[in-house]
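Read-outs: derived from the displayed coordinates by stated rules, not from any lab. Fair warning: this is a prediction, and the values are worked out from it, not measured in the lab. A quick note on method: Cβ atoms are made from the backbone with ideal geometry, for glycine too, and the neighbour counts reach across all protein chains shown.
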Amino acid sequence: MSSDVMTIQKARTADRPWVESLHEWVTTVDHKRLGILYILYALVFLVIGGIEAIIIRVQLTRPHLDFVSPQVFNRMFTMHGTTMIFFVVMPVLFGFANYLVPLVIGARDMAFPRLNAFSFWLTALGGFLLYFSFLGGNGLYGAGSAPDVGWWAYAPLTSRAFSPGHSSDYWTIALMVSGFGSIGTAINIIATILCMRCPGMKLSRMPLLAWLYLIMAGMVILAISPLTAAQIMLSIDRYLGGHFFDTQAGGSATLWMHFFWIFGHPEVYVLVIPAFAFASEIIPVFSRKPIFGYPVMVGATVCIGFVSMSVWAHHMFTIGMNSYANSFFAITTMAVGVPTGIKIFNWLGTMWGGKIQFKTPMLFCTGFLFQFLIAGLTGIMLGAAPFNWQLSGSYFVVAHFHYVIVGGILFALFAAFYYWYPKITGRMLNESLGKLHFWLFLIGFHLTFDVMHIPGILGMPRRIYTYEPGRGWELWNLIATIGAFVQGIATVIFVMNLIVSYWKGQKAGNDPWDAWTLEWSVSSPPPAYNFASIPTVASRRPLWDQKHPEDPDSRYE
Amino acid sequence: MSTATSPVVQPAAGWTLPYRGKVAMACLIFAESAIFTIFVVAYLFYLGKSLTGPTPREVLEVPIFYSVCLLSSSLTLHFATKFLHGGKRGAFLGLWFLTIVLGALFLFGTAQEWHRLIYERGLTISTNLFGTTYYALVGLHGFHVIVGLLMLMIVLLFAFLGRVGPEQSARVEVLSMYWHFVDAVWVVVFTVVYVLGR
């Protein structure tokens, strides 16, 4: 049945003019197509953000280098941070959510397909606006193009006096617009998961992917909204002469910091929880065991969701809060480590005693586990207020959060790409290229970000344009830059693999990994309607039940 | 193929899930609450920190009548949706129209107050911190009232054309959730601006 569907689709696409299929993609409300659009959009920005990172690293290779001007350098780190968070990781995670959530819960589409398309195009417009600042940010004064206020845009840098022209406005509006898109998608994800599950898919039987996306979407709603509110205030300041963050009229720069980090810290968990979701789906399949401690995994994630809402001011230890606030935020920060530790323990428990197959997705997941643990440890270090006073604003912090975002989130994302690419395209990614990608990226990652901790401890401040020789920073910066290029090469291999395998890859079939969740029960790629008839499930691993009718999971629930 | 994913359509007896419209509106209300919370926090944080006048005590008058209008519009809307559900078209139309009138009255009150503040008291959004936070918070709420009124009017238009019947009552209830939320926010804004902040 499923193979018929595929041939019909092919026959239809073969003899159509490309304008027509372009039109179909632009006007689509299908969750799978929107998912692919999100992912492609994010990949484009990944390359752009990566180039900005390389420019930053080249500038810092040696002391007194003059590769770019200080003004351009400021724009590069601002755009790199903003791009990577808002226009790479967020959209790629929403892309996977769009593609996978309806499939794993046995639904035919998201709850609100048109809202879904609207949200995607809002996000796309946001990214376009941010980069349009290179052309339109000048204003009348030749006052600089792209935003250069850092990705957290502290007041008073964003006030009219220090940021003439329109660069900060493009930043503000880009984040506001894409924020509305994110809230729309988050609402859609929650409504889909709560209201569209197939019969038998009780909350306690949902794949962890759906559970974790549910929590992530809830956090998006509570975290992006404060950012939107703060951006509205900033616009009032800049356009209507308001005084929210205007210290000369009694306004407070600290208030902006609070508002930004009330968004900013939960945002980290918004990004990492889907990474947890990927690991929780991939590790069991390649360990040939069901996930260890399913209810605890759900509970721990809910716990992370709650606690992470009350840790934001650990980004602000150095602004001089009183000791009660410092202690509170240090303790809550440590507390997040507990449920996170439980999760790592459970993934190890899943691997323990399993018949582990180290295919590329599993390699990336193993790297994720190891690196995310180290990132958590440096996070605990930075969460201790006195230690933070020493290292805040140094390259140690930069190394720490890149360990989280690259070593943790990006590795899990690569795993997700290798795992679900066969489902999305119908072809396998090349395994040898995948292994090459993994090892090169691993080496490059550790060259750059292990080493980057050291100049931080030696006192190198973040966002510094260049530095004096003789402070012991030269060698570490050189190695970090070399590592950045190795990661760049690995990423090129990855993109090549994505492109080449689309035409030349081995045919995948419905279920190449012998997996257990519903998306593998339909053809690859799935038909537009996903399921010819809505499935009924009786356990957490419906495909296991189907493949092993003599010993189904449902017997033990 | 076994039962798990086979095309055998099982009767989904007892398998009911929440209505997606209500879930989505609840999520939107959470998001909006977070936005309002930030504005309320900013208002409270900046109370009494303005470097120049006028202060809230000097210029603000408590808009009791218009607040009563807005809050009672929640009541009329509630009964309007009940009548729609029960199929009483006339009562539904009348109460729905009354809701819009009450909401519009509230907006008129805000407009009058702003006019007085701007032209008689010289308080604009850029005068001082009080002006900035006051117009931002009350304006944000007023914006939500306007959006709500527009949607109520769209429903009224469709209702006059005879397109809104009992089968639409679930959707109409989603809209009424939003309107109740806007009213509830006014209780908070009223308390913060006119009671605590004066």
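Results, tabulated for the structure shown:
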| read-out | value |
| --- | --- |
| Fraction of the pair-distance distribution of the stretch A:30-556 above 41 Å, Cα-Cα pairs, percent | 19 |
| Sorted by Cβ density within 10 Å, fewest first, the residues A:94, B:108, A:260, B:83 | B:108, B:83, A:260, A:94 |
| Residue B:118 paired with residue A:551, simple spin-label distance in nm, labels 7 Å along Cα-to-beta-carbon | 7.6 |
| 5 Å-binned pair-distance histogram of the stretch A:460-557 (Cα, whole percent) | 2, 10, 11, 11, 10, 8, 8, 7, 7, 8, 7, 6, 3, 1, 0 |
| Set of aspartates and glutamates near residue A:504 by C-alpha distance (under 14 Å), chain-local residues within fewer than 8 positions excluded | A:431 |
| Charge context of residue A:467, other residues only, Cβ under 14 angstrom, K/R +1, D/E -1 | +2 |
| All-pairs alpha carbon distance profile, the stretch B:131-198, 10 Å steps from 0, percent | 19, 40, 23, 14, 4 |
| Highest-first arrangement of A:316-329, A:475-488, A:216-229, A:110-123, where packing means the average Cβ count within 10 Å | A:216-229, A:110-123, A:475-488, A:316-329 |
| Peptides ranked, highest mean first, by Cβ atoms within 10 Å: ranges B:156-162, A:542-548 | A:542-548, B:156-162 |
| Summed side-chain charge close to residue A:496 - residues other than residue A:496 whose Cβ falls under 15 Å, Lys, Arg +1, Asp, Glu -1 | +2 |
| Partner chain coverage, peptide B:33-45 - average Cβ within 10 angstrom | 6 |
| Within 10 Å of each Cβ in B:129-142, the average number of Cβ atoms from other chains | 3 |
| Of A:359/B:22; A:202/A:423; A:355/A:423; A:289/B:22, pairs whose Cα-Cα distance is over 32 Å | A:359/B:22; A:289/B:22 |
| Highest-first arrangement of A:18-30, A:519-531, where packing means the average Cβ count within 10 Å | A:519-531, A:18-30 |
| The stretch A:442-481: Rg to Rh, with Rh as the Kirkwood radius over Cα pairs | 0.96 |
| Using alpha carbons only: equivalent-ellipsoid semi-axes of the stretch A:51-189, gyration tensor based, whole Å | 34, 18, 10 |
| Distance in nm between pseudo-label sites at residue A:161 and residue A:495 (7 Å out along the Cβ direction from Cα) | 4.3 |
| Neighbourhood charge, 12 Å Cβ-Cβ cut-off, centred on residue B:106 and excluding it, Lys, Arg +1 and Asp, Glu -1 | -2 |
| Exposure proxy order (Cβ contacts within 10 Å, fewest to most) of B:176, A:235, B:72 | B:72, A:235, B:176 |
